[in-house]
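Step one of this worksheet: look at the structure below.
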Amino acid sequence: MAAPVIVPRSFKLLDELEQGEKGGGVPAPHAGFVSYGLADPEDITLSSWNASIIGPQNTSLGDRIFSLKVYCDDSYPDNPPEITFVTKINMSCVNQTTGVVSKIPGWNRDCSIATCLCYLREQMKRASRHHQPPEGEEFS
Amino acid sequence: MDPTTGLPRRIVKETQRLQAEPVAGIQCEPFPENPRHFKVVLSGPSETPYEGGVFHLELFLPADYPMAPPKVRMLTKLYHPNFDLIGRICLDILKDKWSPALQIRTVLLSIQALLSTPEPDDPLDPKIAEHWKRDREDAEETAREYTRKYAVP
């Protein structure tokens with residue numbers, strides 16, 4: 001039996017970067033509403049990323065843009081990235097003091113930064129029915 | 001399970017040959033935990049701004065290798081128009097000019113050759129390419145500085 005092909009962290013992240021640059025890697029209905037890229041174009045470790053999510057359409061969050069920070073440590077993609085909301089949002093998986101997102105369920109090596117962002121945008125639908133902080137406020 | 005179990009014969013043979021008949025100025029060996037992922041060390045070619053430098057790279061053979069080219073990344077910072085800031089390499093055989101008749105060995109020789117002959121007309125970093133075309137001697141001096149600073153053995 002053939003051993004599974006394990007894509008090393010760096011080459012997986014380079015693929016993700018390329019997809020992010022092209023706007024690809026994001027399935028419907030989230031395509032065009034999430035984006036991500038390296039925070040520092042010289043970061044050879046490919047660890048720190050910036051991302052943004054436009055709230056789900058036809059909800060109270062539909063015209064808000066949320067900024068996030070994504071950190072892929074050395075154990076990525078065995079472990080999911082650490083994701084932190086910069087823009088304030090009242091959502092059950094987001095720590096209301098720090099903006100840190102609790103662990104994304106169902107993570108495996110085939111998941112990606114884009115998978116996490118789509119998951120969060122999906123969760124925003126439910127959050128949109130709850131009271132939300134004023135637009136543009138940030139976690140400190 | 002031994003990570004080399006079921007590894008395609010072609011990859012096994014290439015790996016053995018890289019170790020049995022190494023190429024001058026090139027070291028390439030698989031990481032123990034992933035036989036498709038290689039640690040590469042290139043010596044900067046003599047009579048170039050990269051002379052004396054030691055350049056670390058990583059190479060990965062994707063699932064569809066050799067139908068698809070290896071993926072290679074430069075890990076040592078260098079000043080060269082065909083490499084970008086995170087080590088991506090602009091080289092035709094790593095893209096549309098790949099042929100399954102090529103090997104890891106030929107890819108690494110081509111990268112060594114790219115160090116000898118930068119191609120500012122097909123740049124990955126337009127700023128460095130512009131520097132190269134405007135004042136080649138000055139660009140090469142910067143490349144030498146980077147080699148001394150970053151490509152340290």
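The values are calculated or read from the model by the stated rules, or taken from the named source; none is laboratory data. Computed from a predicted structure; not experimentally measured. Note: ideal-geometry Cβ built from the backbone for every residue, glycine included; neighbour counts use all protein chains shown. The protein model used for the area step is the full one, side chains on, heavy atoms only, and it has no ligands, DNA or RNA in it. Shrake-Rupley method; radii C 1.70, N 1.55, O 1.52, S 1.80 Å.
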| remark: Taking segment A:68-100 and the residues there that are aliphatic (A, V, I, L, M) and in contact (Cβ under 8 Å) with a residue 24 or more places away in the chain, the one that is nearest to A:GLY55 (Cα to Cα) would be A:ILE89
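Yes/no matrix, rows are residues, columns are (1) within 21 Å of B:VAL152 (Cα to Cα); (2) within 14 Å of another protein chain (Cβ to nearest Cβ):
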{"position": "B:PRO30", "(1), (2)": "no, yes"}
{"position": "B:PHE60", "(1), (2)": "no, yes"}
{"position": "B:LEU78", "(1), (2)": "yes, yes"}
{"position": "B:ASP96", "(1), (2)": "no, no"}
| Which ones in segment A:99-135 are in a loop (DSSP other than H, G, I, E, B) and in contact with a strand residue (DSSP E or B) (Cβ under 7 Å, 6 or more places away or on another chain)? | A:GLY99
| task | Note down all Cβ pairs under 7 Å where the first residue falls in segment B:103-118 and is free of Cβ contacts under 8 Å to residues at least 24 places away in the same chain, the second is assigned to a helix (DSSP H, G or I), and they're at least six residues apart or on different chains. | result | B:SER110/B:ILE93
| task | Determine whether A:GLY55 is away from chain B (no Cβ under 14 Å), within 20 Å of A:GLY136 (Cα to Cα) and touching a Leu at 6+ places or on another chain (Cβ under 6 Å). | result | yes
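Of everything in segment B:65-85, what is hydrophobic (A, V, I, L, M, F, W, C) and modelled with pLDDT of 95 or more? Give them in sequence order.
To start, the set of residues in segment B:65-85 that are hydrophobic (A, V, I, L, M, F, W, C) comprises B:67-68, B:72, B:74-75, B:78, B:83, B:85.
Those that are hydrophobic (A, V, I, L, M, F, W, C) and modelled with pLDDT of 95 or more: B:MET67, B:ALA68, B:VAL72, B:MET74, B:LEU75, B:LEU78, B:PHE83.
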| query | Does B:GLU14 meet the test of being of a type in the set (D, E, K, R), more than 14 Å from chain A (Cβ to nearest Cβ) and surrounded by 15 or more Cβ atoms within 10 Å (Cβ to Cβ)? | reply | yes
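Select from segment B:39-81 the residues that are of a type in the set (Lys, Arg) and surrounded by fewer than 21 Cβ atoms within 10 Å (Cβ to Cβ) and write down the one among them that is farthest from A:ARG9 (Cα to Cα).
B:LYS77
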| field | Positions within segment A:20-43 being within 27 Å of B:PHE38 (Cβ to Cβ), within 14 Å of chain B (Cβ to nearest Cβ) and within 14 Å of the chain's Cα centre (by Cα), in sequence order | value | A:GLY20, A:LEU38
| Under the condition of being in a loop (DSSP other than H, G, I, E, B) and charged (D, E, K, R), which residue from segment B:110-153 is surrounded by the most Cβ atoms within 10 Å (Cβ to Cβ)? | B:ASP125
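Tell me the residue from A:SER112, A:SER35, A:SER128 that is surrounded by 13 or more Cβ atoms within 10 Å (Cβ to Cβ), in contact with a Ser or Thr (Cβ under 6 Å, 6 or more places away or on another chain), in contact (Cβ under 8 Å) with a residue 24 or more places away in the chain and polar (S, T, N, Q), please. Full working, then the answer.
Working: A:SER112 fails: in contact with a Ser or Thr (Cβ under 6 Å, 6 or more places away or on another chain); A:SER35 fails: in contact (Cβ under 8 Å) with a residue 24 or more places away in the chain.
Every option except A:SER128 fails the conditions.
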| Residue satisfying condition, being under 17 Å from A:ARG109 (Cα atoms), within 13 Å of another protein chain (Cβ to nearest Cβ) and assigned to a helix (DSSP H, G or I), within set A:LEU14, A:LEU46 | A:LEU14
| Being closer than 30 Å to B:PHE38 by Cα, part of a loop (DSSP other than H, G, I, E, B), among the hydrophobic types (A, V, I, L, M, F, W, C) and open to solvent by less than 20 Å² (accessible area, probe 1.4 Å), is that true of even one residue in segment A:60-71? | no
